[in-house]
Every structure is written in structure tokens, then in C-alpha cells.
Amino acid sequence: MMRNIKSRDEAARRGAEKTKDKTKGPRKIARRYEVGPCYWRAEDGREYFFRAPTLADGASLWLLARDSRTLELNSAYSYLLLAGHFADTCVVAERGANPVAFVSAFVSPAASDTVFVWQIAVAEEERGRGLAQRLLHQLLARPACRSVRALEATVTPSNAASRALFRSLARNLRVPMSAGSGYAPELFPGGAHEREELLHIGPLPPAARGRALTEAGDVEHDAQLLETTTS
Ligand SMILES: CC(C)(COP(=O)(O)OP(=O)(O)OC[C@H]1O[C@@H](n2cnc3c(N)ncnc32)[C@H](O)[C@@H]1OP(=O)(O)O)[C@@H](O)C(=O)NCCC(=O)NCCS
């Protein structure tokens, strides 16, 4: 159970203070303050914990993708790769001890100011609570995204939920979203794949990242935990 939850604004303010003050406490605390692991309570009282994945999460990510019934299911190996090599830009949400949602992403090797969201999935029973939105805020608040000025993703025309999610993100961050050509059907084997449209959200000024940080969750519990373990 969560105790002593501060308001998000208060948590963000304290996080910013800790991040700025390099003379107090171990650097590890300051860095973690910037990004979370974070707690978040949805309006209906459900509580979630956001963190980076570990290799032990690879199978859960695969199961969440499989059970989404919308995402293209990649090999189990690829989710291990994500959890192992791209943990800095992937986020897992847990309820209780169970992973119930994730976002996988990477900073584009060709454009280090762009984070590309590969997949995002929320377990069916957790949907409609703002969890996917929160995962994206978490992602943008990570140190690995410090230099990021745009977020991109591809969506198929039939995936209304995905499109609504990214539109909502752009609106919440108060930045523009544009759509361009992503991957044409003929690029896929058999040509039976839907068109993938490229969504571009940005430019993301520091204020947008600040908004993401404020919305990313409540750091208080983790701070207490870290202070206990490092003192
Ligand atoms: C898409 C998905 C991740 C959304 O998760 P979620 O936690 O329910 O989304 P949120 O509650 O954060 O909603 C974010 C926005 O999307 C909208 N939205 C979510 N599901 C929607 C749906 N089925 N139809 C229309 N809009 C939807 C919400 O209304 C909200 O918009 P708002 O801020 O304007 O109200 C989830 O439905 C899912 O896992 N789908 C299967 C996998 C998938 O398609 N992933 C995306 C492609 S990578």
C-alpha cells in the first residue's frame, strides 16, 4: 500500500530541487528523482508503479503484447532484447506485483533528438484510466530522453485507440502532431499489411518535458526507499 502520497506538483518540485542540488546526497538519488520509478494513482483509486524493465520482464512484455490482440506480436527474444538493451527507454507499469502495461521505445540512432515509440500495450482490464498516457509521460521524463525534441510512432489507419492516445499526448504537452508516410503495405512480406502512418509529435520545448515530468507520477515512495538503502 502507498503511504504519504504528496501531490504530483509537490513531488515534481522536490524532484527538481534534488536534481539541482548536487551537494546533497548521493548522485544516484538526484538522477532517480529526475525520472522515477514512480507511483501513480488513477482516479478510481487503482495504484500503479512505473519502472524500467529488467530481463525478468521479457516474458511479461511478450504476454502483454500477445494479449493486446492488436499489436503485432514479435518474438519472445525481441522483448528480451528490449528489456536488456533498451531499458532506459522502456517503461513497465505494475499493479500489485504484476506487470499490466508497457511502452517500448528507443532513441533513434539516426536522429538522437527523436524517440521512437515501438509498442505500447495496456492490459484490457486496466484500459481507459489514463495509464498509456502516463507511460508516455514517464518515457519523456527519463534521462535518456533529456535531449529528445520529438516523439514518433507509426499507427495503422484502423487503430483508433492508438491515434487517440498520441493526439491526446500532443494536446496534453501542448505541442503539434503531424502525420506523414511511414511504411507502405508493399514493404511488408505478402503486401497484406495495413499502411503504417508516421506520427510526429513536436517540437518538444523544455516546457513540454517539464509537463511530462510533472505528470509522470509520484516519486515520494521511491525517494524514501532510496534514502533508506543508501544511508
Ligand atoms: C491504445 C492503448 C495503449 C490505450 O491505453 P489506455 O490506457 O486505455 O489509454 P488512455 O486511458 O491513456 O487514453 C489516452 C487517450 O486515448 C483515448 N482512447 C483510449 N482508448 C481508446 C479507444 N479504444 N477509442 C478511442 N479513444 C481511445 C482516450 O480517450 C484518451 O484520450 P483523451 O485524453 O482525449 O480522453 C490500449 O487500448 C491498448 O493496449 N491497445 C492495444 C495495443 C495497441 O493498439 N497499442 C497501440 C499501438 S502501438
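Please treat every number below as a calculation from the coordinates, not as lab data. Every value quoted in this text rests on a predicted model; they were computed, and no experiment measured them. Cβ sites come from the backbone with ideal geometry, for glycine too, and all protein chains shown count toward neighbours.
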Margin query: Through the Karplus equation 6.51 cos²θ - 1.76 cosθ + 1.60, θ set to phi - 60°, convert the phi angles of region 115-125 into ³J(HN,Hα) values in whole Hz; use x for Gly and Pro.
Written below: 9, 9, 8, 8, 9, 9, 9, 10, 4, 3, 6
Next item on the list: Just order 89-100, 121-132 by mean Cβ neighbour count inside 10 Å, highest at the front, would you?
Entry: 89-100, 121-132
Item checked: For region 37-111, the spread of Cα positions along each principal axis, largest first, Å -> 39, 28, 22
Next item on the list: Determine, from the Cβ-Cβ distance of Ala207 and Leu187 and an R0 of 45 Å, the FRET efficiency 1/(1 + (r/R0)^6), rounded to the nearest 0.05.
Entry: 0.80
Note to self: Output wanted: per-residue J couplings in Hz (rounded whole) for region 59-67, from phi through Karplus 6.51 cos²θ - 1.76 cosθ + 1.60, θ = phi - 60°, x for Gly and Pro.
What the structure shows: 5, 5, 5, 4, 5, 5, 5, 4, 6
Next item on the list: Kindly write out, for region 73-84 in residue order, the coupling ³J(HN,Hα) from the Karplus curve 6.51 cos²θ - 1.76 cosθ + 1.60 (θ = phi - 60°), rounded to whole Hz, with x marking Gly and Pro.
Entry: 7, 8, 5, 4, 4, 5, 6, 5, 4, 4, 5, x
Item checked: Placed amide H near Trp118: partners under 5 Å, 5+ positions off or other chain -> Ser104, Ala105, Phe106
Check: In whole angstrom, and with the biggest value first, how far do the Cα coordinates of region 85-225 range along each principal axis?
Finding: 53, 34, 30
